[in-house]
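In what follows, a single structure is set out as structure tokens and then discussed.
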Amino acid sequence: MNKTILIGRLTAEPELRYSQNGTAVASFTLAVNRKFKKDEADFIPIVVWNKPAESCANYLKKGSQVAIEGRIQTRSYETQDGQKRKITEVIVDSVEFLSKASGNQVQNSTQKQTKKDDWGEYGTEVDKGEDEIPF
């Protein structure tokens with residue numbers, strides 16, 4: 001089984017390209033903190049294809065926090081000067097944006113929230129009504 005789940009922050013803006021047949025592909029490096037070593041992180045190359053690639057390029061920026069699910073893939077390539085290189089990267093199956101939106105997106109999301117509460121970034125409290133089962 002080849003399955004990877006990571007949560008981290010982008011080290012730079014996503015780079016969006018298009019293949020020869022017009023398929024979108026975005027790549028970026030994800031900094032993932034190590035659990036037991038303070039101030040240490042692993043820097044993992046990430047590749048996203050198709051519509052999610054365009055979404056990443058449009059809405060993510062350096063420092064954005066994301067959760068990704070995908071698979072590890074190793075490939076070889078040749079540099080322009082003829083040297084052979086190997087790279088290990090994560091090919092994304094799904095991506096979830098964890099950071100707050102910026103600019104107009106923040107204004108739009110706060111306008112939709114009609115009830116003021118103490119839930120902060122976690123959303124709004126849902127009124128369960130009296131007919132709800134208490135578990």
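Of the residues that sit in region 17-40 and are polar (S, T, N, Q) and without any contact (Cβ under 8 Å) to a residue 12 or more places away in the chain, which one is nearest to I87 (Cα to Cα)?
Within region 17-40, the match that is nearest to I87 (Cα to Cα) is S19.
When residues of region 76-99 are filtered for being surrounded by 10 or more Cβ atoms within 10 Å (Cβ to Cβ) and over 18 Å from T11 (Cβ atoms), how many remain?
Selection size over region 76-99: 4.
Given the condition modelled with pLDDT of 95 or more, surrounded by 11 or more Cβ atoms within 10 Å (Cβ to Cβ) and closer than 30 Å to S19 by Cβ, answer yes or no: does some residue in region 103-111 qualify?
no
Please count how many residues of region 18-51 are in a loop (DSSP other than H, G, I, E, B) and either within 19 Å of L98 (Cβ to Cβ) or of a type in the set (V, I, T) (or both).
Of the residues in that region, 3 qualify.
Any residue at all in region 24-33 that is aromatic (F, W, Y) and exposed (fewer than 10 other Cβ atoms within 10 Å of the Cβ)?
For region 24-33, residues aromatic (F, W, Y) and exposed (fewer than 10 other Cβ atoms within 10 Å of the Cβ): absent.
Counting only residues that are assigned to a strand (DSSP E or B) and surrounded by 13 or more Cβ atoms within 10 Å (Cβ to Cβ), how many does region 2-14 have?
Adding up the residues that qualify gives 6.
The values are calculated or read from the model by the stated rules, or taken from the named source; none is laboratory data. What you are looking at is a predicted structure, and each value in this text was computed from that prediction instead of being measured. Neighbour counts run over all protein chains shown; Cβ positions are idealised from the backbone, glycine included.
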